[in-house]
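Only one structure is covered here, and it is reproduced in the block below.
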């Protein structure tokens, strides 16, 4: 007997409010970290698709942001796994998913899909930056090195994999490889995220989740959020660089440090303006697709009105009305869409709109994940989730506001260091 | 030794060793026990006999080390109260671990509901537990195979292998699963596998003073529960999910799911 365990709080009990009839074991088991998981994988996939628009389809206008999107996608990649680890009750056993996958489960594919994707992105970055890596080795070898530069040289030597050939033929081959990898990468990125949608869409016990549209809706919103994040971050980093350039703060300008570019603030401004407004165009297209699918889902449910519609209607139009129609569709979709289609788009307006889009997609994830647990399996009661703000324990930290901030901050920290090795804003006419 | 001789004697040795090794086939005692095609555990609940005393919940928690005060339970009892206006009120306060001792119906945030006796057309209790489905959704969705079905029809969780992702909890249409507050892995009714596989009874069925709950072998036509299932009108919960539940109910009606 576990006698000392009196007044034990069950996982989920602390943040779940029950109303009317809810089964005794029902709680909001999948909380904020599971909201963040599809959100982060969506950002990864979206950023990659954006970079591929240039690499595969040769959209020249997106050249600058494409390289940034690729490196940023790589920085986001480990963070896509972080929410899952924070959510697991037995995080140290997380590796079982890769070691002993049980193939009838949608989650078991995670290891395979995730690793495939990671390998593709890593090798694409390698091909894109190979010339830069070799040049950096030569540059660093022929100069008096500081301690940090010595470390950088070592890193470059390791990741060059001993290949120093940068003849035109070799570079041509790199170019071709990049294109092929980006081409394979698009379906894999879509699969990575569509499959996250499948994890939800295939839960037959959940009336809100179960729809074959779920993977497609997830892919579209993934591309939307990924592009929006790239616009915001690209613009912000360019502002930072414009601030750093005249002040000689070279730690924000690794490309400048490498001496491969001679930039002026005007160049940077022009580049920033051009890229953000161009990318915003693609954002609009994917937004239309995403919203169409989401509305189709709601209309179809209302029209067919099967048994579960009774409770879903109450959740969608009453309990979660504010979150769905005001926050998600209003502030997160309609408002930024209007901002993007009004003529004379500026970087600043594109950025504000993109931030709203990011918020809208986050709310969409919230409304799917938390909304799907807002009603009882019996359809006779409701559950409400309240996000723990002040952490009282490890659990309320990781599945509360603390965990959210941790997950949001992590990609930027990774990107800062990754940018030291692979300058995301490195500009070279010969490069891809 | 000539090469030919060497090959010859190697072949003889390998084949001889293989023959004798084949006699040492690894036998898992659990598999031998479970492979009995004559055995398929099932459960029968007679809702007419249940009075909502909660002895089954208490016995289950004690037997299976589920902390008594923790608000999760492997089995619970639901109360249904129907009124003249056609309303149905349901509750199961703390899984009815202390039994139903009040006429007030617990509506959680909406408070306690008082339905006057004269308005009640019918009221009854329904005990619930894991249905040990033939095509269990939880077994299908477990990413590491920690949840599995035994050959004799019981769905179990391997506490040493469960990663605690909660997918099975989400996947179960009956809400029988939860995270164990001490072990921190998915948990559910085992049909007291440790007892029934040694010829015993489940803790809940043993504790039930009215014989509302019974465990038995569905493959044995002479088993008391098989006889009832064959000769009376019984139902299962939520057959629309296609999980083929193996827990049968006498006296189900459409409000129960």
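Every read-out reported here was derived from the displayed coordinates using simple, explicitly stated rules and does not represent laboratory data. All figures in this text were calculated on a predicted structure; none of them were measured in a lab. Here the Cβ is made from the backbone with ideal geometry for all residues, glycine too, and neighbour counts use every protein chain on show.
The mean count of C-beta atoms from other chains within 10 Å of the C-beta of residues in A:98-107, rounded to a whole number, is 5.
Here the alpha carbons of the range B:73-129 define both size measures, Rg and Dmax, at 11.3, 34 Å. Based on C-alpha pairs under 8 angstrom that are at least 6 apart in sequence, chain A has a relative contact order of 28 percent. Helix A:63-87 and the longest principal axis of the Cα set of chain A meet at an angle near 40°. Sorting the Cα pairs of chain A by distance into bins of 10 Å, from 0 upward, gives 4, 20, 29, 24, 14, 7, 2, 0 percent per bin.
Note down the Stokes-Einstein diffusion coefficient of the range B:131-257 in µm²/s, whole number, using a Kirkwood radius over alpha carbon pairs, 10 °C, and 1.306 mPa s.
Answer, rounded: 101 µm²/s.
In the protein assembly as shown, helices alone account for a calculated mean residue ellipticity at 222 nm of -16000 deg cm²/dmol, with every DSSP H run of four or more residues adding -39,500 (n - 2.57). Here the alpha carbons of chain B define both size measures, Rg and Dmax, at 24.0, 103 Å.
Quick one: order B:158, A:165, B:223 by neighbouring beta-carbon count within 10 Å, fewest to most.
Going from least to most buried by this count: A:165, B:158, B:223.
May I ask you to derive the FRET efficiency for residue A:169 and residue B:4 from their Cβ-Cβ distance with R0 = 45 Å, giving the value to the nearest 0.05?
For R0 = 45 Å, the calculated efficiency reads 0.25.
Between residue A:236 and residue A:392, the FRET efficiency from the beta-carbon distance, with R0 = 35 Å, is close to 0.55.
So how do B:219, B:84 line up by other beta-carbon neighbours within 10 Å, fewest first?
Working: B:219 16, B:84 9.
Ranking B:219, B:84 by Cβ neighbours within 10 Å, fewest first, gives B:84, B:219.
Its Kirkwood hydrodynamic radius, worked out from the mean inverse distance over all distinct Cα pairs, puts the range B:109-178 at 14.7 Å.
Model label points for residue A:417 and residue A:303, set 7 angstrom from Cα along the Cα-to-Cβ axis, are 5.2 nm apart.
A Gaussian network model of chain A, with springs between Cα atoms under 10 Å, assigns the largest mean-square fluctuation among A:87, A:11, A:193 to A:11. Site pair residue B:159 and residue B:210 shows an inter-label distance of 3.3 nm when each label is modelled 7 Å from Cα along Cα→Cβ. Using bins of 10 Å that start at zero, the share of Cα-Cα pairs per bin across the range A:286-432 amounts to 9, 26, 30, 23, 9, 3, 0, in whole %. Contact order, relative form, for the range B:137-186: 35 percent (alpha carbon pairs under 8 Å, 6 or more residues apart, mean separation divided by residue count). A Stokes-Einstein calculation at 20 °C with viscosity 1.002 mPa s, built on the Kirkwood radius of the range A:286-362 over Cα pairs, returns a diffusion coefficient of 157 µm²/s. Averaged over peptide A:370-381, the number of partner chain Cβ atoms lying within 10 Å of each residue's Cβ comes to 3. For residue A:100 and residue A:405, a Förster radius of 45 Å and the Cβ-Cβ distance give a FRET efficiency of 0.85, rounded to the nearest 0.05.
Who wins for biggest fluctuation among B:186, B:123, B:212 in a Gaussian network model of chain B, springs between alpha carbons below 10 Å? Largest GNM mean-square fluctuation: B:123.
Distance between the pseudo-spin-label points of residue A:157 and residue A:292 (7 Å out from Cα toward the beta carbon): 5.5 nm. Across chain B, Cα pairs under 8 Å and at least six residues apart give a relative contact order of 25 percent. In terms of overall dimensions, the range A:44-99 has a Cα radius of gyration and Dmax of 15.6, 47 angstrom. Take the convex hull of the alpha carbons in the range A:358-402; its mean projected area over all directions comes to 4.0 nm².
Counted by neighbouring Cβ atoms within 10 Å, the residues A:337, B:178, A:74 run from fewest to most as A:337, A:74, B:178.
Considering the range A:191-253, its Cα convex hull presents a mean projected area of 5.6 nm².
Put simply, the range B:137-186 fits an ellipsoid with semi-axes of 15, 13, 10 Å; these come from the alpha carbon gyration tensor as the roots of five times its eigenvalues, largest first. Against chain A, whose longest principal axis is taken from its Cα atoms, helix A:110-141 shows a tilt of about 20°.
Where q = 0.16, 0.21, 0.23, 0.25 Å⁻¹, what log10 of I(q)/I(0) comes from the Debye formula for the range A:1-96, counting one point per Cα? Results for the range A:1-96 at q = 0.16, 0.21, 0.23, 0.25 Å⁻¹ read -0.81, -1.04, -1.11, -1.18.
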